[in-house]
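Trainee: A single structure is presented below for examination.
The values are calculated or read from the model by the stated rules, or taken from the named source; none is laboratory data. The model shown is predicted, which means the values in this text are computed figures rather than measured ones. Note that each Cβ is placed from the backbone with ideal geometry, even for glycine, and that neighbours are counted across all protein chains shown.
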């Protein structure tokens, strides 16, 4: 009895000792890194994939978890690869015994005994399976993994690391590469193929061995039918589905913005943007269509933003992300270019705020020398005296420069700063040429400026990151000035064939036809279009109105079926005709005009100053040029003819000798001459 007790105790001791040594052997396992590096991803506002990047070794391995994978696939995978996955501790003794028995009785290995945990161990260390030493290492790592990770964590590692041929790893990358879809919902045929490929990824990849892949998929479906996972009818239907014979390209939407986002934050793996994927696809297609047949070097860029939130909804940096003659790899939404006339709405808005002008103010479009700067209109023509509203709609240069001179170019740059625009001057000090595009700005910043105008003069920085804190910025112009500018721009005629929808828009063409612009907005959105050559060489005959404006209207049509109405005018907006304006606002005069002769003032055409004139019996013939009728004539300060509508008249009751004649027009302007009557 004593010997029996001793033997039992010794056996228990040896068993405990062996168990402890086994535990030490497992616990001291030097484990590889238990995380899988995954691709950088850029997502749209709804979480849809816009663009993915390969990991460091050039493999496609996209982050996923069990909630993002079709449960049917997981069920099929476990049934085919490891039925007792949730019951064993990394090694399945029953599978080992079965494999050993088959190897002994048949003289060769006919079935494997690797659990999913052992496969994960192999994938983590990229170790082989053909040698006993490698198999023992996998067993040890698998046992250790089960002590450090949950079953779901181990399964998640498999979903990331399973090889699918070439540089494709993981269920999500495989689903996108072979089916062009996320693995959330898979057909039985798709799921079976994705279960089969990792067993022999290079010989079963469907893009190179379609028949082998088809046969492997059939074996998975047959096993699934025997296990009762699918019905025979479902299996037969799945067998009729063709396997994909080519890999699909991974999404590469908004490539320029994606590059920028990932460069801005190198620690985050998934970047959710404000981009709307469907709109981005539509506008990238529009960009490609726009440059097709337009020469090998013409390029286009488009930015769409919701000016209520400042969120960028689409960003097309070029017609194609390539290194061809169009230099499509250059992001033209952030390139500095001359804005042409697209800064003019800001000039007019500032002039309205400063009390220099009103939309109904008259302004002169005539040849003018601004201290040696002699700008001309694009068509080399002059319109004379017109309304400010018409001057902006016709994009005339002389009125814009005159207003800029009155404001001071520095005030224009200060307003651009308040709109948080980045700009570059060709010289250190701003000159009047800034009004006509003599400054470098980006398309994105121009959209930001028009966002401020569309929001009643209050700026809001644009953002491309979802849920990014984006408060209001500074006030650029007053609400009434912004509304007046928008009302003027909404009166522009649309391009031929475009809908007459009162889109508020402005076009621009830079010096030498290097840049063609069109920027427009409604009550909710603003879109900017730039066209030109990335290298800055001219595009002969290119005008913003002809080239970029049609693209702007097409972009709005792809954005939504109809425009969002503009808001009503603010209560303080002065809505009157020219005749009802205060006297100083009826006709623009710059602040330096007080020291210059008024070109519209009356002048005495006859008799000329200093002349000697014979006094006729009926009186003296006089003539006035310029001015506004009716006219009042005075002789030595005394009225001799009042409210005379004619420019020529005869003044009676004048005596001989020296006399000073004066004429006063309806606006109080006067002229005088001194003559001798004989």
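Trainee: Of all residues in region 609-627 being in contact (Cβ under 8 Å) with a residue 24 or more places away in the chain, over 11 Å from residue 664 (Cβ atoms) and assigned to a loop (DSSP other than H, G, I, E, B), which is nearest to the chain's Cα centre (by Cα)?
Mentor: Residue satisfying both the conditions and the ranking: 626.
Trainee: For region 473-507, which residues satisfy the criterion of being at pLDDT 95 or above and under 28 Å from residue 535 (Cα atoms)?
Mentor: Residues satisfying the conditions are 505, 506, 507.
Trainee: Cβ-Cβ under 6 Å, sequence separation 6+ or interchain: first residue in region 278-295 and more than 21 Å from residue 516 (Cα to Cα), partner part of a helix (DSSP H, G or I). Which pairs?
Mentor: If the second residue must be part of a helix (DSSP H, G or I), the pairs left are 282/558.
Trainee: Which residues, taken from region 187-226, are under 17 Å from residue 247 (Cα atoms) and assigned to a loop (DSSP other than H, G, I, E, B)?
Mentor: 205, 206, 207, 208, 209, listed by residue number.
Yes/no matrix, rows are residues, columns are (1) out of contact with any helix residue (DSSP H, G or I) (no Cβ under 8 Å at 6 or more places or on another chain); (2) touching a residue at least 40 places away in the same chain (Cβ under 8 Å); (3) assigned to a helix (DSSP H, G or I); (4) within 30 Å of residue 542 (Cβ to Cβ):
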position: 482; (1), (2), (3), (4): no, yes, yes, yes
position: 489; (1), (2), (3), (4): no, yes, yes, yes
position: 499; (1), (2), (3), (4): no, yes, no, yes
position: 502; (1), (2), (3), (4): no, yes, no, yes
position: 507; (1), (2), (3), (4): no, yes, no, yes
position: 512; (1), (2), (3), (4): yes, no, yes, yes
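Trainee: In the set 316, 243, which member is in contact with a strand residue (DSSP E or B) (Cβ under 8 Å, 6 or more places away or on another chain), buried (at least 17 other Cβ atoms within 10 Å of the Cβ) and touching a residue at least 40 places away in the same chain (Cβ under 8 Å)? Break it down stepwise before answering.
Mentor: On the way: 243 fails: in contact with a strand residue (DSSP E or B) (Cβ under 8 Å, 6 or more places away or on another chain).
That would be 316, the only listed residue that is in contact with a strand residue (DSSP E or B) (Cβ under 8 Å, 6 or more places away or on another chain), buried (at least 17 other Cβ atoms within 10 Å of the Cβ) and touching a residue at least 40 places away in the same chain (Cβ under 8 Å).
Trainee: Restrict the check to region 580-596 and report whether at least one residue is over 29 Å from residue 385 (Cα atoms) and either over 60 Å from the mean Cα position of the chain (by Cα) or exposed (fewer than 14 other Cβ atoms within 10 Å of the Cβ) (or both). Before you say what the answer is, go through the steps one by one.
Mentor: Kept after step one, since they are over 29 Å from residue 385 (Cα atoms), are these residues of region 580-596: none.
Within region 580-596 (the criterion being over 29 Å from residue 385 (Cα atoms) and either over 60 Å from the mean Cα position of the chain (by Cα) or exposed (fewer than 14 other Cβ atoms within 10 Å of the Cβ) (or both)), the answer is no, since none of the residues qualifies.
Trainee: Quick check: anything in region 317-339 in a strand (DSSP E or B), closer than 14 Å to residue 527 by Cα and modelled with pLDDT of 95 or more? Break it down into steps so the answer makes sense when it comes.
Mentor: Quick first cut of region 317-339, residues in a strand (DSSP E or B) only: 337.
Still in the list and also closer than 14 Å to residue 527 by Cα: none.
Checking region 317-339: not a single residue is in a strand (DSSP E or B), closer than 14 Å to residue 527 by Cα and modelled with pLDDT of 95 or more.
A quick yes/no check of all residues on (1) at pLDDT below 95; (2) outside the structural domain of residue 224 (by TED's automatic domain parsing); (3) more than 25 Å from residue 54 (Cβ to Cβ):
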site: 117; (1), (2), (3): yes, no, yes
site: 122; (1), (2), (3): yes, no, no
site: 127; (1), (2), (3): yes, no, no
site: 130; (1), (2), (3): yes, no, yes
site: 159; (1), (2), (3): no, no, no
site: 177; (1), (2), (3): no, no, no
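Trainee: Could we say that residue 394 is over 21 Å from residue 487 (Cα atoms), modelled with pLDDT of 95 or more and out of contact with any helix residue (DSSP H, G or I) (no Cβ under 8 Å at 6 or more places or on another chain) here?
Mentor: Details: over 21 Å from residue 487 (Cα atoms): no; modelled with pLDDT of 95 or more: yes; out of contact with any helix residue (DSSP H, G or I) (no Cβ under 8 Å at 6 or more places or on another chain): yes.
So residue 394 does not fit the description; no.
Trainee: For region 40-49, give me each residue that is crowded, with 20+ Cβ neighbours inside 10 Å and either free of Cβ contacts under 8 Å to residues at least 40 places away in the same chain or touching a helix residue (DSSP H, G or I) at 6+ places or on another chain (Cβ under 6 Å) (or both).
Mentor: Across region 40-49, the qualifying residues are 40, 42, 44.
Trainee: Another question, then. Got at least one residue in region 588-604 being assigned to a strand (DSSP E or B), farther than 30 Å from residue 353 by Cα and not assigned by TED's automatic domain parsing to the domain that holds residue 478? Give the steps one after another, and end with the answer.
Mentor: To start, the set of residues in region 588-604 that are assigned to a strand (DSSP E or B) comprises 603-604.
This time we only want the ones that are farther than 30 Å from residue 353 by Cα, so: 603-604.
Checking which are not assigned by TED's automatic domain parsing to the domain that holds residue 478 leaves us with 603-604.
Yes - at least one qualifying residue is present in region 588-604.
Trainee: Restricting the search to region 402-420, which residues are surrounded by fewer than 22 Cβ atoms within 10 Å (Cβ to Cβ) and either assigned to a loop (DSSP other than H, G, I, E, B) or free of Cβ contacts under 8 Å to residues at least 60 places away in the same chain (or both)?
Mentor: 408, 409, 410, 413, 414, 417, 418, 420
Trainee: Of all residues in region 352-373, which are without any contact (Cβ under 8 Å) to a residue 60 or more places away in the chain and out of contact with any helix residue (DSSP H, G or I) (no Cβ under 7 Å at 6 or more places or on another chain)?
Mentor: 367, 369, 371, 372
Matching residues to (1) under 30 Å from residue 292 (Cα atoms); (2) free of Cβ contacts under 8 Å to residues at least 12 places away in the same chain; (3) not in a strand (DSSP E or B):
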| position | (1), (2), (3) |
| --- | --- |
| 550 | yes, no, yes |
| 558 | yes, no, yes |
| 629 | no, no, yes |
| 632 | no, no, no |
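Trainee: Which pairs turn up if I take residues in region 128-142 that are within 12 Å of residue 32 (Cα to Cα) and look for partners that are part of a helix (DSSP H, G or I) and at pLDDT below 70 with beta carbon separation below 6 Å, at least 6 apart in sequence or on another chain?
Mentor: Cβ pairs passing all conditions: none.
Yes/no matrix, rows are residues, columns are (1) buried (at least 21 other Cβ atoms within 10 Å of the Cβ); (2) farther than 19 Å from residue 556 by Cα; (3) in the same structural domain as residue 356 (by TED's automatic domain parsing):
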site: 447; (1), (2), (3): yes, no, yes
site: 468; (1), (2), (3): no, yes, yes
site: 481; (1), (2), (3): yes, yes, yes
site: 484; (1), (2), (3): yes, yes, yes
site: 496; (1), (2), (3): no, no, yes
